[in-house]
Amino acid sequence: MGILGETLTGGAGTTRREFLAGSAALTGTAVLPAAVQAGVKQDIKPDMPAGQGKLARSTRGMVTSPHELASRAGLEVLQSGGNAIEAAIAIGAVLSVTYPHFTGLGGDAFLVISDRHGDVRTLSGIGQAAANLPSYSGAIPLRGPGATVTAAATVATWEQAYAHSRKAWGGTQAWSSLFSRAIEHAANGFAVTPSQCFWQDFRARDVADWPGFARAFMPQDRPPKPGDLFRQPELARTLDKIATHGGREFYEGDLAGRIAAGLKQAGSPLTAADLARCCARDEAPLRVPYRGGELLGLRPPTQGVTTLEIMGILDRFDLASVPEGSADYYHLLVEAVKLAFLDRNRYVADPDFADVPVDRLLSRAHLDAHAARIRMDAAMPWPHVFRPGDTVYIGAADSAGNCVSMLQTVYFDWGSGVVVGDTGILWHNRGASFSLDPASPNVLRGGKRPFHTLNPGMYLKNGSPHLLYGTQGADGQPQTLAAVLTRLIDYGMDPYTALGRPRFLLGRTFSDSRDTLKLEQDAGKEVFSSLAARGHELSPIPARSQLAGHPGAIRIAAGGSMTGAHDPRSDGLALAL
């Protein structure tokens with residue numbers, strides 16, 4: 001495929017014009033390519049066991065995460081009189097133990113924080129590149145020591161969020177208490193999830209080359225099975241150090257020295273000085289109007305601007321007149337995604353090193369122009385490379401109306417694969433998202449923060465938090481959020497219903513190298529046929545597929561009542577006081 005405006009291949013080597021000419025008019029009666037037709041005919045079954053999802057309700061407080069033990073840890077904090085930030089930290093710490101394939105102490109983290117009056121701040125925890133970088137030949141490695149290029153900012157982000165909690169919200173929970181459940185689960189063990197087993201099995205051929213991985217994650221010389229009791233004693237000791245001495249222990253204390261030594265032994269360019277320079281940034285959010293409210297996101301180098309741009313484009317269309325789940329609905333969302341992704345790939349990088357014109361990208365004129373480019377009868381070609389990645393979403397709201405929308409990540413599943421020395425810390429590989437092309441705004445430089453796909457968000461209504469949301473899924477994050485947000489806002493669905501509806505993913509994945517539009521089968525044959533007639537090259541994926549992301553959402557009504565859920569595709573759930 002070429003750039004926008006060039007020929008799109010539409011099955012069996014036909015051009016888009018030929019493909020459309022060979023189909024019935026855009027009425028949903030197009031003949032699908034055989035492989036697509038066969039896929040849609042399959043029985044609709046999830047490609048992994050569904051989670052325990054349900055709709056939680058409360059007027060006093062709520063949490064959501066992709067793992068039950070993590071959600072319960074957050075709920076316990078709220079029950080003890082803790083606030084939303086304190087609950088989110090406890091959840092994040094437990095997920096670092098119980099969801100190690102998607103998050104951990106050796107990764108990055110992001111928060112959108114608000115009180116009930118809409119006083120919003122964001123914390124952007126992105127580890128910067130090592131000051132002294134090696135010379136790369138060809139490409140930055142995706143795994144192994146060569147991928148451990150950036151510091152890890154998750155713990156720094158927790159610490160800065162905790163300071164905000166104490167100063168602005170009168171937080172009362174002891175720092176050490178927020179780690180008690182995480183330490184307990186790491187030391188005494190927890191039942192391994194099907195998700196962890198799936199991703200460890202999926203990478204079975206790779207793990208032999210990952211330093212320290214087998215010792216940490218295959219203690220019986222084999223991958224664990226779902227339900228096995230899994231202990232991480234080294235990680236438990238590390239968490240205890242952080243709980244006892246504070247977050248800066250990870251960057252400047254005795255633990256930092258052990259981390260630096262372990263990274264050096266593995267072959268990483270990161271040093272103790274790089275760790276000491278790592279911190280999170282407290283910034284005002286980006287904002288865009290939507291349906292009488294306001295959507296908020298994080299600043300670059302995250303793709304928060306991309307999600308807001310997609311939603312700003314969609315705000316130019318009367319979705320109320322478009323049936324939810326129809327071909328028109330999916331087509332409109334996909335085309336908005338394409339336009340925003342073109343801008344993202346051109347501009348989004350560390351603003352300390354590159355000019356990122358966020359004000360122009362979110363301006364009325366720019367969004368109007370993008371909306372005018374969308375044709376309802378024809379799809380734009382899509383040639384751009386998909387960025388994989390895995391993440392966990394955490395949402396928390398307390399009885400005072402304080403809210404947190406949070407994401408944590410190690411980038412790819414299992415990050416770099418490197419477990420650092422005797423710390424039990426799995427290091428991320430976010431540095432692999434840098435470019436070596438000197439013309440790229442995201443070109444690798446010492447001390448630079450890499451482009452980041454993570455972008456948790458919040459929706460204000462009448463100036464107060466109304467929706468907390470975020471998702472796992474790298475390039476899929478803005479796509480998943482477009483579907484979830486339109487269903488929550490435009491169609492008034494409750495969180496569990498909105499999260500369970502069919503979703504799409506545009507671009508390549510770890511299991512499908514084609515730049516096709518992946519759509520869950522339960523969208524229906526008529527939708528597939530109509531989208532194919534417009535020129536979308538389709539690949540069916542199972543209903544409730546893991547490729548569709550693991551979002552969570554909490555809705556807060558004007559009177560303070562809350563409803564929330566976590567994606568039924570995940571192992572998680574929302575819990576309420």
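The values are calculated or read from the model by the stated rules, or taken from the named source; none is laboratory data. Every value quoted in this text rests on a predicted model; they were computed, and no experiment measured them. Positions of Cβ are generated from backbone atoms using ideal geometry, with glycine treated the same way; all protein chains shown enter the neighbour counts.
Listing for the model above:
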quantity	calculated
Neighbours by Cβ (under 7 Å, 6+ apart or cross-chain): first from region 301-315, closer than 21 Å to residue 352 by Cα; second part of a helix (DSSP H, G or I) and charged (D, E, K, R)	303/344; 306/344
Residue check for residue 176: more than 22 Å from the chain's Cα centre (by Cα), among the small types (Gly, Ala, Ser) and part of a helix (DSSP H, G or I)	yes
Candidate set: region 340-362, residues that are aliphatic (A, V, I, L, M) and within 20 Å of the chain's Cα centre (by Cα); chosen: the one farthest from residue 482 (Cα to Cα)	349
Residue check, residue 121 out of contact with any Ser or Thr (no Cβ under 9 Å at 6 or more places or on another chain), of a type in the set (D, E, K, R) and at pLDDT 95 or above	no
Check on residue 373, surrounded by fewer than 20 Cβ atoms within 10 Å (Cβ to Cβ), on the phi < 0 side of the Ramachandran plot and at pLDDT 95 or above	yes
Residue, modelled with the highest pLDDT, within region 427-455, restricted to residues that are touching a Leu at 6+ places or on another chain (Cβ under 8 Å), part of a loop (DSSP other than H, G, I, E, B) and of a type in the set (S, T, N, Q)	429
Subset of region 201-217 that is exposed (fewer than 14 other Cβ atoms within 10 Å of the Cβ) and not acidic (Asp, Glu) - its residue that is modelled with the highest pLDDT	215
Boolean, residue 259 is in contact (Cβ under 8 Å) with a residue 12 or more places away in the chain, part of a helix (DSSP H, G or I) and under 25 Å from the mean Cα position of the chain (by Cα)	no
Options 465, 551; residue that is over 19 Å from the mean Cα position of the chain (by Cα), surrounded by 24 or more Cβ atoms within 10 Å (Cβ to Cβ) and of a type outside the set (A, V, I, L, M, F, W, C)	465
Selection from region 262-289 of residues that are in contact with a helix residue (DSSP H, G or I) (Cβ under 8 Å, 6 or more places away or on another chain), outside any loop (DSSP other than H, G, I, E, B) and farther than 19 Å from residue 419 by Cβ	276, 282, 286, 287, 288, 289
Every residue from region 84-131 that is under 18 Å from residue 278 (Cα atoms), in a loop (DSSP other than H, G, I, E, B) and not polar (S, T, N, Q)	104, 105, 107, 126, 127, 130, 131
Selection status of residue 186, in contact with a Leu (Cβ under 6 Å, 6 or more places away or on another chain) and over 30 Å from residue 466 (Cβ atoms)	yes
So residue 502, is it closer than 28 Å to residue 468 by Cα, out of contact with any Lys or Arg (no Cβ under 7 Å at 6 or more places or on another chain) and at pLDDT 95 or above	yes
Region 282-298, residues that are among the charged types (D, E, K, R) and surrounded by fewer than 18 Cβ atoms within 10 Å (Cβ to Cβ)	282, 283, 287, 291
Helices (runs of 4 or more DSSP H) fully within region 297-373 counting 1 or more residues that are closer than 19 Å to residue 517 by Cβ	304-314, 327-347, 364-373
Number of the condition not met by residue 319 [criteria: (1) out of contact with any helix residue (DSSP H, G or I) (no Cβ under 7 Å at 6 or more places or on another chain); (2) farther than 18 Å from residue 451 by Cβ]	(1)
Hits in region 314-347 - residues which are more than 18 Å from residue 476 (Cβ to Cβ) and among the aliphatic types (A, V, I, L, M)	319, 320, 322, 327
Per-region count, region 376-402, residues in contact with a strand residue (DSSP E or B) (Cβ under 7 Å, 6 or more places away or on another chain), modelled with pLDDT of 95 or more and of a type in the set (A, V, I, L, M, F, W, C)	3
Boolean, residue 81 is surrounded by 24 or more Cβ atoms within 10 Å (Cβ to Cβ) and part of a loop (DSSP other than H, G, I, E, B)	no
Test for residue 468: is it touching a Cys at 6+ places or on another chain (Cβ under 8 Å), within 27 Å of residue 330 (Cβ to Cβ) and not β-branched (Val, Ile, Thr)	yes
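Residues checked against (1) farther than 23 Å from residue 340 by Cα; (2) touching a helix residue (DSSP H, G or I) at 6+ places or on another chain (Cβ under 7 Å); (3) surrounded by 24 or more Cβ atoms within 10 Å (Cβ to Cβ):
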site	(1), (2), (3)
460	no, no, no
482	no, yes, no
493	yes, yes, no
500	yes, no, no
516	no, no, no
521	yes, yes, no
